[in-house]
Structures are given as C-alpha cells and as structure tokens.
Amino acid sequence: MAEQDDAFFAAAQFETQAVHVGSAPDPATGSVIPPIYQTSTFAQEEVGRHKGYEYARTGNPTRASLEACLAALEGIAPQGPGGALCFGSGMAATTTVLQTLGPGDHLILSSDVYGGTYRVVARLFAEWGLGYDLVDLTDLDALKQALRADTRLVWVETPTNPLLRVVDVAGVAELAHAAGARCVVDNTFATPFLQRPLELGADVVIHSTTKYLGGHSDVVGGALVTGDERLFERARFLQNAVGAVPGPFDCWLTLRGIKTLPLRMRAHCHNAQRVAMFLAEHPEVAEVCYPGLPGDPGHELAARQMRGYGGMVSFRPAGGPATARRLAAHTRVFTLAESLGGIESLIEVPGAMTHLSVAGTGAEVPADLIRLSVGIEHPDDLVADLQQALDAAAG
Ligand SMILES: *Cc1c(COP(=O)(O)O)cnc(C)c1O
C-alpha cells in the first residue's frame, strides 16, 4: 500500500475518506487506482528483511488498503488503537469475534439476529461449551435481566433483520460494560455512513461487506473493526492462524464499491422512504416496517442514532402468506433473491428463504412478511412495480 498523508485524510469528511483512504496513487508507476497485488508471496532482500509483507495470508497490500479505508470510515485513527481486519465473508468475521471467547463463556444475541450468526452459535460454538440466550434488545430491561456474571459479549444488530427494529446501541453498550461484557454491533444494514457504533460506545463492529459496502452484488466479504487494541491483536492473530482471508481481487472490488457508498446510501434511503410511504398508504398492505416512517416504533431512536433510515423495508400484505409468495413472484424490477445492499432492488419472503434456519427457535418471522432491499433505480419504477405486483397477487 502506498504512503499517504494519514493525518490529512483522518481529518477529512466521510465522502473524502471513502474515496482516498487506502487509495493513494501507486509510487512505482503513478497509477491513480492502486493495483491488485495478485500474489501469494513477497521477495525478501535478505533473510528476514522485506518491505512489510511476507506471505499473503498474513498480509497483502490490497487487503491492507481496504482495511485502512474501513478503519477510517468507522472512526479509528490511522495509528490506532485498533483497526480493521478483512475476511472472506461476513460469517468469517463473525466467527473470528466468537473465537475470542472460550468454553463456559456466555453470549447474548439480539432475538432477530442474522440467521447465519444464530446458526454458527447454536450449532457450532454451543457444542464447544459457549452458552447463549436470545434477548429482545429493543427492551433494555430484558437485557438487564439476561446479563450474567459470565456474559462476555452482547451481540447487537440494528436495524434488525428482517423486522427493522431499532436497538439503542449506547444503552446496550452501557449495560454490557457495567456487567463486564463487550458490545458487538453488526453494522451491515446501516453501514458507517448512516451509523457509527464505536462512537456510540460499542467495542467491535462487524460487517458483511457483501452487502452495502461492496454494493454491487458481485463479491462476498466481511470485516471486523475495533478500537480495543488487545482484542484487535487477538483477532489479527486469528485472521492469520485460522486463515479465512479474502483474495486481493475481492478486496479491490470491495474498495471500489466503498468509494460510492455515500452516494448510494443517499439514493437507497430516498427510494426506501418513497416505497415505505407508498406501502403504508396501500389498502392491500397490513403493516410496514421502516424506521423512516414517523409512526414506526423505532423512528425517534433511529433519528438520534442514525443519519438516514437505510434501504431495507419489510411489509405484510393484507392477504396472508400465499399472497406474499404470489407477490414476490410477480415483480419485474425487484428480483426475487436472497441478500441485500446492492444497486438493484431485491424482494424475498424471509420465513421461506433467508430465515429458514431460525424456524422453531422462537426467533421466527411472520410467514406473510416480505423483505425488500430497495435499490438505486428510479423510485417511480419501483413503486409502479410494487403496485402491479400487489394487484396481481390480490388477483
Ligand atoms: C449477510 C449478512 C451476514 C453474513 O455475511 P456473509 O458475507 O453472507 O457471510 C451477517 N450479518 C448480516 C446482517 C447480514 O446481512
């Protein structure tokens, strides 16, 4: 990674950091966009004397560029303490945080936590002796009751998936710290452009960079960001020891996506607000979940904690589960698919798709719920598409 004026960019605005941090022109050639260091190993001048890189699992300049950018966007200073670490998927980042715990430790998970996070805790780490409870973290009293002397982590998602409830990060972090636990926030849905959990008191942020950060539905990746130097060093050890690292091209694609994150997030928020307002007024819609709606239970908290309400909208059509399935099969602009956060709009039925792995756990979602990842197409086309699909589904 090329040398950069760290102090100058550390003081710059988010949009400027997104374009420049980790992306200084290549000193060897002047290439304005840094090259993809597609190599597995690095030449040494003499035994043990090298330019900071030895073997590409341990470190690669393209990955270092992405890590520098993500650390800056989550509010970490260039020299630390802490930093960002990138992984081959969001689940690899999540697993790395869980690997900092040991047998006998206890963990509290947000009750509508990402299905894959629940699965790896319940079906892998629980077998290794990690205890856990699912708690509705929108209720701070419930969290207070659930915290135990052996609780090491409280795992927050906000807005939650797929019900888009809003959790008070500062409130959770304060209670967790008072009980001697750390607070982790999965910031995938909000991105650092809309929400900066470390500034609200959280200890660790994790991301599926597959979603809004990459932003173009063409790469899978994950990241962990922390300002806690000890935890950072342990996680860096695990990144190298376990080896769930991303390839250089995937890092480069993700970094390319991040440069337009602020532009895309503004468009996602604008379009999601339009779609949510359209649905809220539609007679064939029973309920809309979107923190940007003034009547939404999370609206005021989101207004304080976030700088926009995000691109995800969930709703329940009036006709029930069969109507929801018909509707999801009748959109033309919205593609029926799992995942979220790309430029294109997606539609899915979580109870039958992304959230199958939480069936029977008490964390299931209403069978008639539809989740939209609202893209950056023209909002008129998105609303018209939903209108015709609602008509078709109502039959
Ligand atoms: C997708 C997702 C993950 C998992 O990330 P992968 O990149 O698919 O491994 C974790 N948390 C949330 C909120 C997600 O949406």
Practice prompt. Return a whole-number percent for the relative contact order of region 133-212, with Cα pairs under 8 Å and 6 or more residues apart as the contact set.
Written response: 27
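Could you calculate the FRET efficiency of Ala10 with His270 from 1/(1 + (r/R0)^6), where r is the beta carbon distance between them and R0 is 35 Å, rounded to 0.05?
Details: r = 29 Å, r/R0 = 0.84.
Step by step, r from the Cβ atoms, then E = 0.75.
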Fill in: Cα-based reach from Lys144 at 16 Å (exclusive), listing aspartates and glutamates while leaving out same-chain residues under 8 positions away
Asp133, Asp136, Asp168, Glu174
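Using Cα pairs closer than 8 Å and at least 6 residues apart in sequence, work out the relative contact order for region 283-395, in percent. Provide the component values of the computation, followed by the final result.
Details: 188 pairs, mean separation 32.4, N = 113.
Relative contact order for region 283-395 comes out at 29 percent.
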Worksheet entry | Linear extension gain, Asp228 paired with Ser40, 0.36 nm per residue minus alpha-carbon span | 64.7 nm
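When averaged across all projection directions, what area in nm² does the alpha-carbon convex hull of region 147-226 cover?
Values: hull surface 22.0 nm².
Its Cα hull, projected and averaged over all orientations, spans 5.5 nm².
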Item to complete: Note the full-extension length gain between Ala303 and Leu356 as 0.36 nm times their separation in residues minus their Cα-Cα distance, in nm to one decimal.
Response: 15.9 nm
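Find the relative contact order for the chain and round it to a whole percent, using C-alpha pairs within less than 8 Å whose residues are 6+ positions apart. Could you put the intermediate results ahead of the total?
Working: 834 pairs, mean separation 62.1, N = 395.
Computed over the chain, the figure is 16 percent.
What is the percent of Cα-Cα separations in region 46-145 that go past 18 Å?
Details: 3119 of 4950 pairs.
It works out to 63 percent of all Cα pairs.
Return the ratio Rg/(2.2 N^0.38 Å) for region 278-395, where Rg is computed over Cα atoms only.
Details: Rg = 14.0 Å, N = 118, 2.2 N^0.38 = 13.5 Å.
Against the compact-globule rule of thumb, the ratio is 1.04.
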Fill in: Candidate lysines - alpha carbon under 30 Å from Lys259, same-chain residues fewer than 8 apart omitted
Lys51, Lys211
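Arranged by the count of other C-beta atoms within 10 angstrom, fewest first, what order do Lys144, Lys259 take? Don't jump to the answer; show the numbers that get you there.
On the way: Lys144 12, Lys259 16.
Fewest to most other Cβ atoms nearby, the residues stand as Lys144, Lys259.
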Fill in: P(r) of the chain over all Cα-Cα pairs, binned every 20 Å from zero, in whole percent
28, 56, 15, 1
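Taking neighbour Cβ counts within 10 Å as the exposure measure, how do Met91, Met265 sort from fewest upward? Provide the component values of the computation, followed by the final result.
Working: Met91 20, Met265 23.
In increasing order of surrounding Cβ atoms, one gets Met91, Met265.
Here, each number is a calculation from the coordinates, and none is a lab measurement. Source: prediction; values computed, not measured. Note that each Cβ is placed from the backbone with ideal geometry, even for glycine, and that neighbours are counted across all protein chains shown.
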